[in-house]
Amino acid sequence: MLLYDLSHTSHSPARTGVQRVALELRRNLRIQTEVTEITHDPWMQCWRPLEAWEQHALDHPPRSVKRRSARWPLGAQLRGWWRRRTRTDTTRTVLPSEISAILCPEIFTARTGSCLPELFAATDAPRVALFHDAISLRLPDLTPRGNVGRFPGYLQELMQFDGIAAISEDSRQSLLDYWKWADWGHGPEVVALPLACDHLTMNRPEIPIPAGTRPHILSVGSLEGRKNHLTLLTACEQLWDCGIDFELSIFGGLQRETGTRALTKIRELQNAGRPLHYSGWLPDAELRAAYHRCAFTVYPSIMEGFGLPIWESLLHGKACVCADHGAVAESARGGGCLMTDTANAEALADAMQSLLTDSVRLNSLTAEARHRQPPRWEDYTRQLLEWITTLPRHSKAG
């Protein structure tokens, strides 16, 4: 029986990239092995399997929310408090007796992290975590302050695990580099296991853009510092000033601490009459329509753990302008992408202009995009489970 920790995702209506990964892996684990989904209950003060209302929350479709933090209904708080008051020491950890592994796919909070030793002491099974990225420490000026302050503790807590599955080679190396810099000694085995993408909508209809239509560029990603929308907007302004005619649409929720400057720039350009549209979160049907209408996409992010929006563009049959380094480049190298220095407005403008003015180049990249096949979650899950079996077990005193 594999224990799968969904302490955050089962209590949050948000569906961030990390949470979507956790949910898709959950679906495939259920197919390939026996799974008990667990949470740390702060009111009961123990680890326990998810209850029906939490399972229902996991199956809820994604929607736009302003708050990503975990929420516990008052009734659940009271039940947990009562159970803690009435339980005996022998029921402190309510978990299955036969456990094959513990898997933590989320970036767990400080509260959850402080309770991991209790969970680990309940079994001799291997302890495994997914590692998404170290962006909070690599780009602290473009990251919410709370995330930056929490991250060193999180990376130290990962040292308690037996294996870390990083979602890209770039993420793997960033983790190892930090551990080496921190001089924390020998850590767990870290492997790069790039994410699967076949959960993303694949829709590649051959609908040509009518001649004479103003080209439409699409950029999908949350409005936050590291997503680098300010550079994108500067590049677009340069092209508009040169008389190049195109429309830009940006879709993604606003991260107020680091994305407000970009939003202000968007409003300035809109007030100046530029053909620029911004909207927050979009339902899947509306997002598909936006992909169908665009000539290509731009994903200007400076740094990613993996770069799922690159694959989302490719699976809609659209070429993507993106970064030429890091995890984004790992996803882009298979074709359908024009890689450039997205931190440089002139370089980004040149790349966009080449696709706006050179139909042969755009058509070639579009053809490449339409032929890309996504890595499959079925294969990812099998590889992960096979690797877990190679990891050491512990004494329960551990």
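The values are calculated or read from the model by the stated rules, or taken from the named source; none is laboratory data. Owing to the predicted nature of the structure, the values given are computational and were not obtained by experimental measurement. Counting neighbours? That spans all protein chains shown, and the Cβs are built from the backbone with ideal geometry, glycine included.
Observations on the structure shown:
- Number of the condition not met by Thr93 [criteria: (1) closer than 30 Å to Glu386 by Cα; (2) surrounded by fewer than 21 Cβ atoms within 10 Å (Cβ to Cβ); (3) modelled with pLDDT of 90 or more]: (3)
- Condition check for Ala125: aliphatic (A, V, I, L, M), more than 30 Å from Gly326 (Cβ to Cβ), at pLDDT 90 or above and surrounded by 14 or more Cβ atoms within 10 Å (Cβ to Cβ): yes
- Any hit, the stretch 309-319, residues being touching a residue at least 12 places away in the same chain (Cβ under 8 Å) and surrounded by fewer than 21 Cβ atoms within 10 Å (Cβ to Cβ): no
- In a residue-by-residue description of the stretch 138-146, the property of being in contact with a Lys or Arg (Cβ under 9 Å, 6 or more places away or on another chain), touching a residue at least 60 places away in the same chain (Cβ under 8 Å), more than 30 Å from Thr264 (Cβ to Cβ) and of a type in the set (Ser, Thr, Tyr) applies to no position.
- Residue match in the stretch 293-300 (condition: on the phi > 0 side of the Ramachandran plot and assigned to a loop (DSSP other than H, G, I, E, B)): no
- Taking the numbered list (1) in a helix (DSSP H, G or I); (2) touching a helix residue (DSSP H, G or I) at 6+ places or on another chain (Cβ under 9 Å); (3) farther than 17 Å from Glu368 by Cα in turn, Ser331 passes all entries but (3).
- Condition met for Arg71 (in the same structural domain as Pro144 (by TED's automatic domain parsing), part of a strand (DSSP E or B) and not aromatic (Phe, Trp, Tyr)): no
- Residue list for the stretch 273-292, restricted to those being within 18 Å of the chain's Cα centre (by Cα), touching a residue at least 24 places away in the same chain (Cβ under 8 Å) and either assigned by TED's automatic domain parsing to the domain that holds Leu130 or not in a helix (DSSP H, G or I) (or both): Gly280, Trp281, Leu282
- Count - residues of the stretch 221-257 that are aliphatic (A, V, I, L, M), touching a Ser or Thr at 6+ places or on another chain (Cβ under 8 Å) and surrounded by 23 or more Cβ atoms within 10 Å (Cβ to Cβ): 3
- Residue that is farthest from Phe306 (Cα to Cα) [pool: residues in the stretch 146-179 that are surrounded by fewer than 16 Cβ atoms within 10 Å (Cβ to Cβ) and among the acidic types (Asp, Glu)]: Asp177
- Candidate set: the stretch 208-220, residues that are surrounded by 10 or more Cβ atoms within 10 Å (Cβ to Cβ) and over 28 Å from Pro375 (Cβ atoms); chosen: the one modelled with the lowest pLDDT: Ile209
- Flag if Leu29 is within 18 Å of the chain's Cα centre (by Cα), modelled with pLDDT of 90 or more, part of a helix (DSSP H, G or I) and assigned by TED's automatic domain parsing to the domain that holds Pro96: no
- Test for Arg63: is it in contact with a His (Cβ under 7 Å, 6 or more places away or on another chain) and either at pLDDT below 85 or outside the structural domain of Arg382 (by TED's automatic domain parsing) (or both): no
- Test: residue in the stretch 191-207 that is within 26 Å of Thr123 (Cα to Cα), of a type outside the set (D, E, K, R), at pLDDT below 95 and surrounded by fewer than 13 Cβ atoms within 10 Å (Cβ to Cβ): no
- In the stretch 229-245, the condition of being in contact with a strand residue (DSSP E or B) (Cβ under 9 Å, 6 or more places away or on another chain), modelled with pLDDT of 95 or more and in a loop (DSSP other than H, G, I, E, B) is met by no residue.
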